[in-house]
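The next block holds one structure in the form of structure tokens; read it before the comments.
The values are calculated or read from the model by the stated rules, or taken from the named source; none is laboratory data. Just so it is clear, the model here is predicted, and its values are computed rather than measured. Every residue, glycine as well, gets a Cβ built from its backbone with ideal geometry; the counts of neighbours run over all protein chains shown. Accessible surface is based on the protein model in full, side chains and every heavy atom, while ligands, DNA and RNA are left aside. Shrake-Rupley method; radii C 1.70, N 1.55, O 1.52, S 1.80 Å.
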Amino acid sequence: MNDSSITRFLRSLVAPRRLVKYSLLAGLLTLGLASAAADLSAEFVDGQLVGPQVFAGEGYRTVSLVNNGTEDMTFTIARLNNGFAVGDYIAANDALNAAIASGDQTAAVKTYLETAVALSGAVVKPHAEYDMVVDLEQGSYVIASHATSSESAASTYLPFEVTASGSPVAAPETSHTLQLADFSFDFPATMKAGNDLWKVTNVGDQPHIAAFFKLTDGKTQADLETFLKDTTHTMAPPFDTTTTVDIEALSPGQTVYMPLDLTAGNWVAVCFVQDLNNPAMAHYMEGMIEEFTVN
């Protein structure tokens, strides 16, 4: 499997490929929210991403990621850093895919992060959509999409510009917060089941993800950690492979608002990102793994 997202690249640095496969086959975060309420939409159709070239309006805007294709697609949003053009971003993003195969990945991810700010994203199932709220500053952006089922499929890109128009839109109100730090999660130990909007902030100095695994009956975080360490690839996953939820990579200092649909049960949050200062370690190996209860 392969996709254009920096999240999948970062996860692949340390996660067993079978775990990534289970996660992607689950169709992460495909909640089918109404695009009619979105400020702007990126639609995958006939092998291309279609959407606006210019969007007038800063602030927290609802972005709808629409998949009209026939297979799961990963969408990611990035804001270009000053001095970089769309072509630089495409080259950096494509290099991430090549790095997965070559194994030389640390330099590729650092180049990506020099080029753009990762603003998260989602895997969207066929003929479905996902809405997220992104802080759109003036500048250049690129939405990328990639089929999750193919190592060789090319990425598709939708570049667009954000210009000023009136006062920036304020952030939505929500009582649900999730902070990603170096190297820990900060969220309630117990939370209510349901589809809720979460404020997700990266307060660390490295990019982070949050992959949520619903444990099967009788399993614990320790069982998941044992599964992650298993090099024989013979262990059955200690989680429900049909209910995994995932937040794509978020650069340091960034905040997005993501709907998370968590069902009742025991869950574990994991960050698979490689420590860019200590490539032999993944963030979850340094404490960024946490069990919690949904009821």
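Toward the positive end of the charge dipole of region 75-195, with +1 on the Cβ of Lys and Arg and -1 on the Cβ of Asp and Glu, the farthest Cα among 85, 177, 98 is that of 177.
At a Förster distance of 45 Å, what's the computed FRET efficiency of residue 163 paired with residue 190, Cβ-Cβ distance as r, to 0.05? Intermediate results must be reported in sequence, preceding the final value.
Working: r = 44 Å, r/R0 = 0.97.
With R0 = 45 Å, the Cβ-Cβ based efficiency is 0.55.
Probing with 1.4 Å while keeping every protein chain in the model, the per residue accessible area of region 102-256 equals 42 Å².
Using Cα-Cα distances under 8 Å and only pairs 6 or more residues apart, what relative contact order does region 161-242 have, in percent?
Taking the mean separation of contacting Cα pairs over the length of region 161-242, I get 24 percent.
Computed from the C-beta positions of residue 225 and residue 203 and an R0 of 30 Å, the FRET efficiency is 0.80 to the nearest 0.05.
The P(r) of region 164-249 has a tail past 16 Å containing 67 percent of all C-alpha pairs. When you filter the GluC sites (Glu not before Pro) in region 34-95 for DSSP loop state and at most 13 other Cβ atoms inside 10 Å of their Cβ, you are left with 71. Of the accessible area of region 212-288, computed with a 1.4 Å probe over protein heavy atoms only, carbon and sulfur atoms account for 50 percent. Label sites at residue 107 and residue 278, each approximated as a point 7 angstrom past Cα along Cα to Cβ, lie 2.5 nm apart.
Other residues within the sphere of radius under 13 Å centred on the Cβ of residue 225, judged by their own Cβ, net out at -3 (K and R +1, D and E -1).
Please give me, ordered by residue number, the GluC sites (Glu not before Pro) of region 88-138 that lie in loop per DSSP and have at most 13 other Cβ atoms within 10 Å. All intermediate terms of the calculation are to be shown ahead of the outcome.
Numbers: sites: 114, 129, 137; in loops: 137.
Answer by residue number: 137.
Can you tell me how much longer the chain between residue 82 and residue 154 gets when fully stretched, taken as 0.36 nm per residue apart minus their C-alpha distance, in nm with one decimal?
Working: separation 72, 0.36 × 72 = 25.92 nm, distance 2.60 nm.
Length difference between fully extended and current span is 23.3 nm.
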